[in-house]
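Single-structure report; data block below.
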Amino acid sequence: MLTRSEVLAVRQASVSLSGHPILKDIDFALNAGEFCGLIGANGSGKTTLLRTVLGFVMPTSGSVTMEAGGRASIGYVPQKFILDPYMPMRARDLVALGLDGNRLGVPLPSRGRRRKVDEMLEAVEATPFADQRIGSLSGGQQQRVLIAHALIRRPRLLLLDEPLANLDIRSVAGIVALLRRVSRELQTTVLLSAHDMNPLLSVMDRIVYLAHGRAATGAIDAVVRTEVLSRLYGYHIDVVRVHGRVLVVAAEGEGDAQTAIQRDPVHVAQVP
Amino acid sequence: MTTLLSLVVAPGFFASEPVRTAAVIGGAAAIVSGVVGVFTVIRGQSFAGHALADVSSAGGAGAFLLGINPLSGFLLMGVLAATSMELVRVDRPSERDLVTGIVTGAGLGVAALLLYLNVTTSSTTGAAVTIMFGSMFTISASIVPLAIAVGLAALSAMGVLYRPLLLSSLDPNLAAVQGVPVRLIGLLHLIVVALAVALSAITVGAILSTALLIGPAAIALNLAKRPSVAIFLAAVIGVAATWGGILLAYDSYEWTGGHGWPVSFCIVALIFAAYVVVAEIRLGSRRQPEPGLKPRPREGRATTAG
Amino acid sequence: MFDDFMVNTWIAATLVAGVAGVVGFFVVIRGASFAAHALPLSAFPGAAAANLVGVDQLIGVLAFSGFGVAGISQLGRRGRRDVATALSLVMLLGLGALFLSRTTEYFQAIYALLFGEVLGVGAQDLAPLAALSAVSIALTLALFRPLLLSSVSPELAETISVSPRVMEVLFLVVVALATAVALPVVGALLVFSLMVGPASAARTLTSRPLAGLFISAAISIVTVWASIALSFASDWPIGFFVGALSALGYLAGRTWAWVEIQGLSQFRRSR
Ligand SMILES: Nc1ncnc2c1ncn2[C@@H]1O[C@H](COP(=O)(O)OP(=O)(O)OP(=O)(O)O)[C@@H](O)[C@H]1O
Ligand SMILES: [Mg+2]
């Protein structure tokens, strides 16, 4: 069950896909307004965990408990968004569908609806391209529109799957700042997955670090440590702090560790 | 043993000349379609495979009336349609299907015009409908040599294209990096599909040509992981379904008191049933939960915060 | 050209074109051309079956398109969608071959059902046709937003409790209804051209979804009118004109989009 301040509690959850165990005993809870990074290498199970929170995938054991409202109070920005360049749809149309995409009937012009959409576009700084076809927008612009689509229902929990992949450094900083600001303003809890924790260090209240199907969770300083990550990976790993940065290094000769680290781009982390 | 056999096979089956021709031609069409079809299914081009049958058979009906060799008419129309489908540059499967559809519509329109412009409507429509539904027991033995030649050409083309086609089907970008001319390979593949489809459309009808192209290949890909094994399996399954269907159709004359079921219906039904069974089994085996880990219902989502 | 009989035909063809244009909008943005081709084609043996059993043609067509919907959606859950579509189609056509072997249907009638010839429409046919058209258009408009969202992204739809699987089935039902409207009037292959050609031009002319839907219907109606007039004037089959105009529509749309993109990049460069 949830304590008063908690929005989401994942308790000892294990998940299998097609009979293969993907996640084991994942355990964490998020408080209202918290910003949590879900960090892990490709294939570590970030998308699977987010889909479990959404209820698209059922845990084989353990539980996922959401604050009252269930899925209706979750906003989601998926990792893969395949766009048809000919899709006859403007950015504002997609945002509006976030508000009432599940209603029957054609959208009749309504002032209230238009105002809400305009406000949301303004909040994510998407007003300049609000009337362009979504297929013609850049990756960063699309990302903003998708965030507006997810936020327009004022969800209590916002899930974002790798929203920073394929963005240049400036756009990454822009989106991160935007999310931090929006989450404060709307009191929205954010759970954001990324393979690189660097851009998130200054904004994360909490981290869920995935490796080998298990997770280490807590504050950054409590998780990004030699003992904790070594236990998670199952072999010795050094977390070295140099010049204000954190290097996560595997011991020489640890073949498995080497490959794991190479696959895992999260080997350099800046101490906030 | 003989009595058992006669229970399954109605008397006269092996002695019948039309049955023998049908078995040879149908078997050959099944082999060619099965081999080519594996790539068609992997590439998600079932629609193109089907559309080429429609367009080439309708065009063939036109050619038939223009007085040129019908098989050449089929092939010409099929290759023309395949080329126009690949000419429009598209990068997504859904757009490719749309182009396929547009070309099909235009091709059938042209076919309708050809049919109209030639001779009287009643005989042309008869030809078109016969070609659509096919009639294996009326195949004339005279087209066998040319049909077999085209079939062999299609098979050898597949042999030559095998590796670059496989690579560009699995990952076009990777193939392009390795220097494979992805678009050219795609075009050549579709032309081979057009050959195979035209061949089976003229011999066994347009419906069966789609069924033999897609069905056995899809079943084989559900059973086998390796493409080479899948190709072999697809050919075997195709031949088995064809011969089984011919047998069923022949026997059905006995059961239905002389009406009989059309052979195309029998073959399609066998393929369809086999696909459903195989897909069902595969799905069932994937659904199996791990031993020891009993799926437990998820805790209520709507539990109110403490 | 405008005697009573022709007026009925014009009305029927306009209804059919409107429905095909509206439904076709979703066919194109969902990339469901194969399903839109397969449903009418696999429904046409339904007409033969109905004659065999002695019920109304419309019932046979509705039943067969229902089988088509069930086949495509059920088999599609177990594997590739295009394979499911192809196999459902050939199975129903196989059944058609079975029924045709039992009937003495004239080839001419079969030909018309397939290749399309705007058949003579009597006044008594208009009422059911209009009713069915109204139902298909109303259903499409009712489902407009969920269909649109699930076409853009099934995952986004699922997040706000719109099941992509349910939307897929409902979409196929809408196509099946449109098929039942159009098949007896213009034939299986013509319906399909009317669904994909006008919509593929419309989607490039506007960036607003609802406008796209209406433009698609308008282009479809104009296509049919032009085809009937051209066919009347030249005596060539209407199927040829619809097919050719649809292809022209598609190419014009692609060209327009290309010009627009070129213009846009020129504009960006000049700034
Ligand atoms: N349907 C499935 N059946 C079986 N295994 C699956 C399935 N989907 C994903 N997996 C496996 O589950 C693991 C986790 O996948 P997931 O997509 O959650 O990873 P991820 O952390 O999101 O990776 P990425 O950074 O690439 O997005 C991977 O090893 C993947 O191969
Ligand atoms: Mg992922």
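The values are calculated or read from the model by the stated rules, or taken from the named source; none is laboratory data. Bear in mind that the values here come from a model prediction, so they are computed numbers and not experimental data. All Cβ positions, glycine included, derive from the backbone under ideal geometry; neighbour counts span all protein chains shown. For accessibility, only protein heavy atoms count, side chains too; no ligands or nucleic acids. Shrake-Rupley method; radii C 1.70, N 1.55, O 1.52, S 1.80 Å.
Interface B/C, total buried accessible area with a 1.4 Å probe, nearest 100 Å²? Spell out each step's value before the answer.
On the way: alone 16250 and 13520 Å², together 25160 Å².
Using a 1.4 Å probe, the pair buries roughly 4600 Å².
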Problem - Label-point gap, in nm, between C:Ile11 and A:Arg231 - each point 7 angstrom along Cα→Cβ - result: 8.1 nm
Handout entry: Chain pair A, C: total accessible area buried, heavy atoms, 1.4 Å probe, Å²
Key = 3000 Å²
Problem - Simple label model, 7 Å out from Cα along Cβ direction - A:Asp25 to A:Arg111, nm - result: 6.0 nm
Fill in the blank from the handout: Under Stokes-Einstein, chain A at 25 °C and 0.890 mPa s, with its Kirkwood radius over C-alpha pairs, diffuses with a coefficient in µm²/s of 125 µm²/s
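Would you please give the FRET efficiency between C:Ile261 and C:Ala131, computed as 1/(1 + (r/R0)^6) with r the Cβ-Cβ distance and R0 = 35 Å, to the nearest 0.05? Don't skip to the answer; put the middle values down first.
On the way: r = 43 Å, r/R0 = 1.23.
Computed FRET efficiency for C:Ile261 and C:Ala131: 0.20.
Within chain C, which complete DSSP H helices have Cα atoms spanning at least 15 Å along the helix axis and a mean Kyte-Doolittle hydropathy of -1.0 or higher?
Values: long enough: C:4-29 (38 Å, 1.89); C:33-53 (31 Å, 1.13); C:57-78 (32 Å, 0.84); C:81-100 (28 Å, 1.74); C:123-142 (29 Å, 1.47); C:164-186 (32 Å, 2.12); C:188-205 (27 Å, 1.48); C:209-234 (37 Å, 1.79); C:238-270 (47 Å, 0.48).
Those that pass (Cα extent of 15 Å or more, hydropathy at least -1.0) are C:4-29, C:33-53, C:57-78, C:81-100, C:123-142, C:164-186, C:188-205, C:209-234, C:238-270.
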Practice task
Starting from the Cα gyration tensor of chain C, take the square roots of the eigenvalues, sort them a ≥ b ≥ c, and report rounded, prolate or oblate (rounded when a/c is under 1.5, otherwise prolate if a/b is larger than b/c, else oblate).
Solution key: oblate
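Stretch A:Gln187-A:Thr127 to full length: gain in nm at 0.36 nm per residue minus the Cα-Cα span?
Numbers: separation 60, 0.36 × 60 = 21.60 nm, distance 2.27 nm.
Length gained, A:Gln187 through A:Thr127: 19.3 nm.
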Handout entry: Label-point separation, B:Val236 to C:Leu52 (7 Å along Cα→Cβ), nm
Key = 3.5 nm
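Ordering A:Ile152, B:Ile191 from largest to smallest accessible area (1.4 angstrom probe), what's the sequence? Please report the intermediate quantities before stating the final value.
On the way: A:Ile152 10, B:Ile191 40 Å².
I get B:Ile191, A:Ile152, largest accessible area first.
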Exercise for the section: Give a quick list of trypsin sites (Lys or Arg not before Pro) in the stretch A:47-123 that DSSP marks as loop, anything other than H, G, I, E or B, with at most 11 other Cβ atoms within 10 Å. Expected result: A:Lys80
